[in-house]
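What follows is a set of notes on a single structure, which appears directly below.
Quick note: the coordinates plus some simple rules give every number you see, no bench work behind them. For clarity, every value in this text was computed on a predicted model and none was experimentally measured. Using ideal geometry, Cβ is built from the backbone for each residue, glycine included, and neighbour counts are taken over all protein chains shown.
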Amino acid sequence: MIEHYIEQVSTYAADIDNLITMIAVITGFWFVLVEVVFLGLIVAYRKKPGVKAQYITGEEKHQKRWIGIPHELVLLCDIAVIIGAVRVWVDVKQTMPPAQETVRIIGQQWAWSFVQPGPDGKLDTADDIKTVDELHVKVDTTYHFKLEARDVLHSFSVPVFRLKQDAIPGRVITGWFRAKKTGTHDIQCAEICGIGHGLMPARIVIESAGEHNAWMAAQAALATK
Amino acid sequence: MSDAAATHGEHDEAAHLAHYMKIYRTLVVLFLVSVSGPFISDHFVHSKALVLVTAFGIALVKAYLVCAHFMHLNVEKKFVIYMLTTALVFMFLFFAGVSPDIMEHRGRNWENVAAREETASALKEQAERAAHPGEHEGAEHAE
Amino acid sequence: MSQPAEEHAHAHDDHGHDHDHGDTGAHGHHEDGFIKKYLWSVDHKMIAKQYLFTGMAMGLIGGFFSYAFRMQMAYPGHNVPGFGVVSPNEYNQLITNHGTIMIFWLAMPVLIAAFGNFLIPLMLGCDDMVFPRINRLSYQIFLLSAIVLIASWFVPGGGFGGAWTAYPPLSAKSQYNLTPLGSTMWVIAVALEFVAFLLGGINFVTTAMNSRAPGMKMFDIPMVVWMIVIASILFMASVGPLVAGAVMLVFDQQLGTGFFDPVRGGDPILWQHLFWFFGHPEVYVVLLPAVGIVAEIITVFSRKKLFAYKTVLYTAFGTAVLSFFVWAHHQFIAGIDPRMANVFTATTVLISIPIAEMMFVYVATLYGGSITLTTPMLWALGFIGEFIIGGVTGIFLGSSGSDIYFHDTYFVLAHFHYTFVPIAVIAVFAATTYWFPKMFGTMMNETLGKIHFWGTVIPFNGIFIPLFITGMGGDHRRIYNYANFPEQWTPHLIQMREFATVSLLVLIAFQGIFFINFFYSMFKGKPAGNNPWNANTLEWQTVSPPPHGNFAELPNCYRGPYEYSVPGREEDFWPQNEVG
Amino acid sequence: MSRPIATTRSVTGIATGKLAVWWVLASEIVIFGGLLCSYLMHRLGHPEFGGYAAHTNTALGATNTFVLLTSSLFAVRAHFEAEHGRGKSAANWLYMTVGGALTFLCIKGYEWHHEISEGFVISKNAFWSFYYTAAGLHACHVIGGAIIMLIIAQDAKKNQELQRVELIGIYWHFVDVVWIFLFPLLYIAK
């Protein structure tokens, strides 16, 4: 459902979209059913001259069935939704595939900074590559990100990845993503962070391995200059 | 309620008063125990269990005595007790739901770096102070 | 009380907003004295009207704010007529105060305080609330809180702009939010408002528990009274941590304490828990009175007994208890431990069961009825029809997996507007049109009422269905201009935003009809008589409007509130106080 | 102002005023509960809080516990006298209770003065923030209770509104119970 509005670029985007579609089908069924019955009853039982309303307490067993059975069906649907939701959640947020690359993401008023390991392959060394408001990643590579905030809450959100995670000052939160298509997409801040909250646009550039390595080399060269 | 009580004789009244005094004396004794536990732990035998039992276990008993006998919850309608207990239970619920994030400083895929650093540096500073007590007069009056 | 004197009394109700600002001079010729009658009254009906008018005035302000920021959304950077160009800072202030007002100064005062005050003593057959002076104090504190909130917009630095959830550190430190005074005044205003509702709530609960008419058993209490009482209890039981949190936040702002400061041993996540531990039950605090109101109205206008009264009551209790177990679904991606999210997903999705059951009961009540579509009935049915949308879209957000995408998008916004608008607008209009005859003694105009109904409900869907779509397209909330985000600046999404804004303009325009109808009917409407709707509940068994003391003789109660169309009776209604 | 008839009804069998007081206490439990839960989580998560708590004055805190316990006894005596219709005597016991409240506040003031002058101010760190906020919130309840008690004592002296003596007593015992927990939480947990 969501893919009609926005591309699926990460590996788990389809899982999340499928979950949303499943919920849409289940809730859509109930929604249509209840609204049809509801509107139908309004039409069917409009006041007619000489016809008195029926006296139904709803307390007897055969009457209660009319709400009891749907109620149990709702419970079944709920269980299906919970199972679906937890499965997706565990995959996306709770467990993480092993990292091929690691990137540090720092939110501050009002910009995103990205720190990638330089040629030595380690974070927090002198040759780290730092960029602002532009994140370059390789396609088909599992990235772990370490999310931090300098001042207030921010939220790192990449709609095409279906990824979102709040950044909290004082904490390091780890997450992962794996892009499956090249391209350039938006990063939004999804947690109000002050006056410039709407002015915090960043871009994520997903490149092929060759392009990415070329970019890394250029950045490293810039840094040493 | 007051009318009914007024019809009781002098004897009942005295018994009632004696009951209040008895509760009060128990409370004072418990209070002394609750203070002495931590005192013993600080100055003689260091025991965390002793502190917990005397300070918090006895606080529970004291609170029970005050609630039951001074607030008269022992003769109050059951409903009131349920109502107050419900409020308390919600607080336990709050604690249970929140402590995995606040009390713990490390969890699945996250780490509260600031809290860990703060704890480490503060403990280090406290250890240094303990090693050189003379420099910190302020710390002494507490006991 | 004679009719002319009463007429005269109403002449000043429309100055409700004025006497908030101390307009007292010209009305001294009253017997009771203007102040004593309108500002210092201990009569629960007058206090209800005070709450109603203050709530409406605040609602108008909140509506104006939504107009300003919706215009900015559709036409960013353009001059908004009547406001000017919206700066990012003003945009944040507008959305923050819009949310705060609509929940704390419209939904709560009107649904709980105004109708609670008006209905509880009348429906229970009492002469007044049990603590009239505490009731008066409650309104006065509430009024003070509204004044503090309004004043906060005019202090140096401007009003608070950190969203109605006020997450620290943004809300806690002025170097981040740049509103050193506005943010503190905002917290104080909210805290005062809580105090007002705690006082009011204690009054409601005690009155309902202790002061029912002789003969009125537990299950003879009208549903709306039950719901307001459950809501008040829910409020009392959940607001405590946030009151403590408000104190902590003010101290963080003004005294430099470290409660929410990570480098001094505090924790910003703590506020989110304190806030949502209250914030989620709060949703049901306003929902329950609304469903109670709807129960009264659909039974009267379908001439039916409420289907399974006890079931409705149990589902309400179930909802209230469950609502304490779900709060962290607001924080799935806010940095809580991912394992906890699984627990909260389960509890959250399960809360759909009592709510769904409640809706089933209302639909079932219509079966076999004799339905007249009067204005109040239209509103009540509109509530059911629209609230279901709010309910089902909640499932997307309560399940953690899909919330990863939807969190803090316009989908969330549209979802909770589909719950809050039915609650705070549709149900309030239902209640106002239904009890207007009792409040003011005159009937509202049906034609104007129906025009207003369709003119509100259709544009309402026109606003929020497009916002569901922009949310699915990835629009995040609280961003003042999407032109900065190439993926959100597509013709399709721009069109949707414009459509929503135009719908809002239409909706606002139609509200004029309501106010014309309301004030015209108050003075010139035809007299209502005691029981214009042939209803059973006790408030309709006294004169309209009821005098001070409510009943000439306090009624006894002989049966439940929904004995409509009882077989073997000539009349299709059977008042609760009728002997035999 | 005459009292509404509604106030005199009592379907639950609990007098209306008393029922209201119980509801007040229920809402107070969650206010203090929220604050103390927050404190407790920090306390258990931060072992260094124990070191900070060592700077509090346990002896004075203990004295205050004793003062409040004793004032609770006075409050219950006042209730006892009121129950037997002796308004004047009840008022006197209430004044004694207020005396307890004042003693409590004086000791508290001395303690705080001492701590602040040593540099342990509310903004020092989260422990001191919680320390002053929790004890301060409690002290506000003590002050509020004392003021209400004085008002009630005025009426009780004239044998009016004697049922209110019990109500303020219940509230006072609650304030006492809160302190019974605050004392070990803030002073002893080292």
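The magnitude of the dipole of the protein assembly as shown, with charges of +1 and -1 set on the Cβ of Lys/Arg and Asp/Glu and taken from the Cα centre, is near 1780 debye.
Annotation: the residues C:F453, C:F154, sorted from fewest to most other C-beta atoms within 10 Å of their own C-beta, follow the order C:F154, C:F453. Counts of other chain beta carbons within 10 angstrom of each beta carbon in peptide C:92-98 average 1. Translational diffusion of the protein assembly as shown was estimated from the Stokes-Einstein equation, with Rh taken as the Kirkwood radius over Cα pairs; at 37 °C and 0.692 mPa s the coefficient is 104 µm²/s. Across chain D, Cα-Cα pairs farther apart than 30 Å form 28% of the total. Output the pairs from A:K146/B:K124; A:K52/C:K217; C:K45/C:K526; C:K49/C:K524; A:K64/B:K77 with a Cα-Cα distance over 24 Å in this structure; if there are none, say none. From the list (A:K146/B:K124; A:K52/C:K217; C:K45/C:K526; C:K49/C:K524; A:K64/B:K77), the Cα-Cα distance tops 24 Å for A:K146/B:K124; A:K52/C:K217; A:K64/B:K77.
Where Lys and Arg each count +1 and Asp and Glu each count -1, what net charge lies around C:A427 among other residues with Cβ under 14 Å from its Cβ? Its environment carries a net charge of -2. Ranked by how many other Cβ atoms sit within 10 Å of their own Cβ, fewest first, the residues C:I371, D:I147 fall in the order D:I147, C:I371.
Computed over chain C, the P(r) curve from all C-alpha pair distances, binned at 20 Å from the origin, holds 20, 56, 22, 1 percent per bin. Computed over the range B:1-72, the alpha-carbon pair-distance distribution with 10 angstrom bins reads 19, 34, 23, 14, 8, 2, each value a whole percent.
Averaged over peptide C:200-210, the number of partner chain Cβ atoms lying within 10 Å of each residue's Cβ comes to 6. In terms of overall dimensions, the range C:354-405 has a Cα radius of gyration and Dmax of 14.6, 46 angstrom.
Treating each Cα of the range C:506-562 as one equal point scatterer and applying the Debye formula with no solvent, the log10 of I(q)/I(0) at q = 0.25 Å⁻¹ comes out as -1.02. Among residues other than D:N64 whose Cβ falls under 9 Å from its Cβ, what is the net charge (Lys/Arg +1, Asp/Glu -1)? Spelling it out: positives minus negatives among the neighbours equals 0. When the helices of chain D are scored as -39500 (n - 2.57) per DSSP H run of n ≥ 4 and the total is divided over every residue, the value at 222 nm lands at -27500 deg cm²/dmol. Cα centroid separation, the range C:122-148 to the range B:4-82: 38 Å.
The packing ranking of peptides C:123-131, D:54-62, highest mean first, is C:123-131, D:54-62, where packing means the average number of other beta carbon atoms within 10 angstrom of each residue. Per residue, the convex hull around the alpha carbon atoms of the range C:413-461 comes to 55 Å³. When each of the peptides D:164-173, B:29-38 is scored by the mean number of other C-beta atoms lying within 10 Å of its residues, the order from highest to lowest reads D:164-173, B:29-38.
The separation of the range C:247-296 from the range C:364-405, counted between C-alpha centres, amounts to 27 Å. Residue by residue along B:24-36, Cβ atoms of other protein chains within 10 Å of the local Cβ number 4 on average. In terms of surrounding Cβ atoms within a 10 Å radius of their Cβ, A:I192, C:I47, B:I58 rank from fewest to most as B:I58, C:I47, A:I192. For chain C, what does -39500 (n - 2.57) per DSSP helix run (n ≥ 4), summed and divided by total residues, give at 222 nm, in deg cm²/dmol to the nearest 500? My calculation for chain C gives -20500 deg cm²/dmol from helical runs alone. Computed from the alpha carbon positions, the gyration tensor of the range A:101-224 leads to an equivalent ellipsoid with semi-axes of 23, 16, 13 Å, biggest first.
Across the range C:422-580 the C-alpha pair distances fall into 10 Å bins from zero in the proportions 10, 25, 23, 18, 13, 9, 3, 0 percent. Straight-line reach from D:K157: which lysines fall under 25 Å, measuring Cα to Cα and dropping same-chain residues less than 8 apart? In chain and number order, the partners are D:K18, D:K88. The order of the peptides C:487-497, C:268-278, A:122-132 by mean Cβ neighbours within 10 Å, most packed first, is C:268-278, C:487-497, A:122-132. Work out the P(r) tail for the range C:217-345: percent of alpha carbon pairs separated by more than 23 Å, whole number. Counting every Cα pair in the range C:217-345, those more than 23 Å apart make up 47 percent.
Each stretch of four or more DSSP H residues adds -39500 (n - 2.57); spread over every residue of chain B, this sum gives -22500 deg cm²/dmol at 222 nm.
Measuring max minus min along each principal axis, the C-alpha atoms of chain A give extents of 94, 37, 31 Å (largest first).
Here the Kirkwood formula puts the hydrodynamic radius of the range A:2-94 at 16.9 Å, using every distinct Cα pair.
Shown for chain C are the DSSP H helices of 24 Å or more along their axis, judged by Cα atoms, with a mean Kyte-Doolittle hydropathy of at least 0.0: C:44-74, C:132-152, C:180-210, C:223-254, C:268-302, C:375-398, C:446-472, C:491-524. Helices meeting the span-like rule in chain A (full DSSP H runs, Cα extent of at least 15 Å along the helix axis, mean Kyte-Doolittle score of 0.5 or higher): A:13-44, A:61-89. The shape of the range D:83-176 can be summarised by an equivalent ellipsoid whose semi-axes, obtained from the alpha carbon gyration tensor, come to 34, 12, 8 Å from longest to shortest. Volume of the convex hull of the range D:25-105 (Cα atoms only), normalised per residue: 104 Å³.
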